[in-house]
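What follows is a set of notes on a single structure, which appears directly below.
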Ligand code: B12
């Protein structure tokens, strides 16, 4: 630890520091998302006895004047910035969020000489490059609650880390992963877009999908939270915040080890029945499990299918086939659970013939909504990054901050865009480009509709099918 004289510590005798936490996320696709990571860091800092103020940039209309005012009002010893997204991962309509974080850091600097610490999933994917680009002092990579508390405790006595990036080996267990402090005002703002709130039931991902950063972010082993703690979070959201819909933010909800069953049983025991959704892998479900989940409020399932033909599924590192996807989708649909699938085209190994096979497979699905992406965002630390480097898509990791997308060399980009447009234009339940429904979503949310709402696509389609039959 280095001792510093830049900003003298102003900790009180009992070590209490004033911390301003800023959520830098301004993404509104597919809808604005409550800053759960920020709330968890706030919970850990409050528990350690510090005075925490949470500030949300989107709630404040992205105003840098509001950031400046928040810094003046909080007069913080340390500012922590949560960076959730680098970009919107939509090759056809790219949005970059890092310039906005640079502006926040510059604004904080104008108002205060306090240390600025970055964290969050977006940050943790490319920490060094982002730290340099936005000009913050330190960064905490990975799960931040313990390291941020340690950082603040050291700062209170004027000690700071020697390296600018501090890394958490993902390892917090059970009760060490606190529930969030959901800020009342911030929550009220996010409730206007679907009245959803995120809850985490575990961390870690045991899958090996070649493009995915989840194991990099959360580690490759499942670390469950106690089901009782998860249910306590849900209760607080319902009773204290009047939240109407829960999104379980786990990488995959239905883990092979079956922790999800424990969570669902606990919800059932405690009489929870609130609409909820989560990401599911398309295997390991049966009628009895779906029935129990429905009794706790399961309303919609998002299937991380990702590729639409068996060759691409294998090359992505998936351990299921398209037949498995269709079977799981049918099971959910038959049980009355709204089901959405996500597919990427241009996967490794894909040819134009395989694209057509994938389109036919998607068109054969019954009663599910489908979101279609073109290209795969290349993220460092993933096997896809190595494939993309070999294919000459980039040479230095720094370039990955500017969006680099993988598209199979045997598939022509213009051909693919036209093919996907033609294939799905007439189908209400198939969304391409993936953001083409966002304006409609915003309108429905503004009318007070609750949830992610893509199930409305299905209702519209089913209405049309019914009227055709008459
Ligand atoms: C669930 C999820 C969603 C859900 C959210 C549902 C909801 N209502 O909450 C949905 C499906 C809506 C979604 C949408 C999108 N998502 Co998303 N999502 C996730 C996922 C799986 C979990 C996020 C989460 O809540 N985790 C739980 C919280 C507690 O963890 P956390 O925020 O990371 O916080 C921890 C640390 O990061 C750290 N930390 C956080 N803040 C701070 C601050 C400080 C100061 C410190 C020190 C530490 C720290 O400590 C926290 C506790 O340990 C992540 C992948 C992942 N495994 O992280 C992707 C992820 C965040 N999403 C991503 C993306 C791109 C998107 C979309 C843009 C995709 C799209 N085109 O639609 C949108 C944007 C949504 C928005 N408006 O922001 C990317 C972001 C990377 C990038 N390329 O920019 C990720 C990382 C996935 C990936 N591709 O790698 N998403």
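Readers should treat all values here as calculations from the given coordinates under stated rules, not as data from a laboratory. Since we're looking at a predicted model, the values are computed, not measured. Positions of Cβ are backbone-derived with ideal geometry, glycine not excepted, and every protein chain shown enters the neighbour counts.
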Q) Just how far, in whole angstrom, is segment 311-385 from segment 277-302 if you go by their alpha carbon centroids? A) 19 Å
Q: Could you check the simple spin-label distance between residue 273 and residue 65, using points 7 Å along Cα→Cβ, in nm with one decimal?
A: 5.0 nm
Q) Where a ≥ b ≥ c are the square roots of the eigenvalues of the C-alpha gyration tensor, would you call the chain rounded, which needs a/c under 1.5, or, failing that, prolate if a/b is larger than b/c, or oblate? A) prolate
Q. Of all DSSP beta bridges in the chain, what percent run antiparallel (nearest 5)?
A. 15 percent
**Q.** 0 to 90° range, to nearest 10: angle between helix 36-47 axis and the chain longest Cα axis
**A.** 30 degrees
Q) On full extension of the chain, what length is gained from residue 425 through residue 221, given 0.36 nm per residue of separation minus the C-alpha to C-alpha distance? A) 69.4 nm
Q.
Within segment 65-103, name every residue whose backbone N is under 18 Å away from a label modeled 7 Å from Cα of residue 51 along the Cβ vector.
A. 69-80
Q | Full-extension gain in nm, residue 73 to residue 169, via 0.36 nm per residue minus C-alpha separation | A | 31.1 nm
(Q) What do you get for the angle between helix 322-334 and the principal long axis of the chain? Use alpha-carbon atoms, 0 to 90 degrees, nearest ten. (A) 90 degrees
Q | Per-peptide average of other Cβ atoms within 10 Å, ordering 353-363, 152-162 highest first | A | 353-363, 152-162
Q: May I ask you to compute the full-extension gain from residue 232 to residue 146, defined as 0.36 nm times their residue separation minus their alpha-carbon distance, rounded to one decimal in nm?
A: 28.8 nm
Q. Distance from the Cα centre of segment 151-230 to that of segment 251-269, in angstrom?
A. 19 Å
Q. Roughly what angle does helix 352-364 make with the longest principal axis of the chain, taking Cα atoms, 0 to 90 degrees, to the nearest 10?
A. 80 degrees
**Q.** Pairwise centroid distance, computed over Cα atoms, of segment 410-459 with segment 17-88, Å
**A.** 31 Å
Q: Label segment 86-173 by shape, choosing from rounded, prolate and oblate, from the square roots a ≥ b ≥ c of the eigenvalues of the Cα gyration tensor; if a/c is under 1.5 it is rounded, and otherwise prolate applies when a/b is larger than b/c, oblate when it is not.
A: oblate
Q) Is segment 35-182 rounded, prolate or oblate when judged by the Cα gyration tensor, a ≥ b ≥ c being the square roots of its eigenvalues, rounded requiring a/c under 1.5 and prolate requiring a/b larger than b/c? A) rounded
Q | Computed helical MRE - 222 nm, the chain, DSSP H runs ≥ 4 contributing -39500 (n - 2.57), nearest 500 | A | -11500 deg cm²/dmol
Q. When DSSP assigns beta bridges and you keep just the ones with both residues in segment 195-469, what percent turn out antiparallel, to the nearest 5?
A. 15 percent
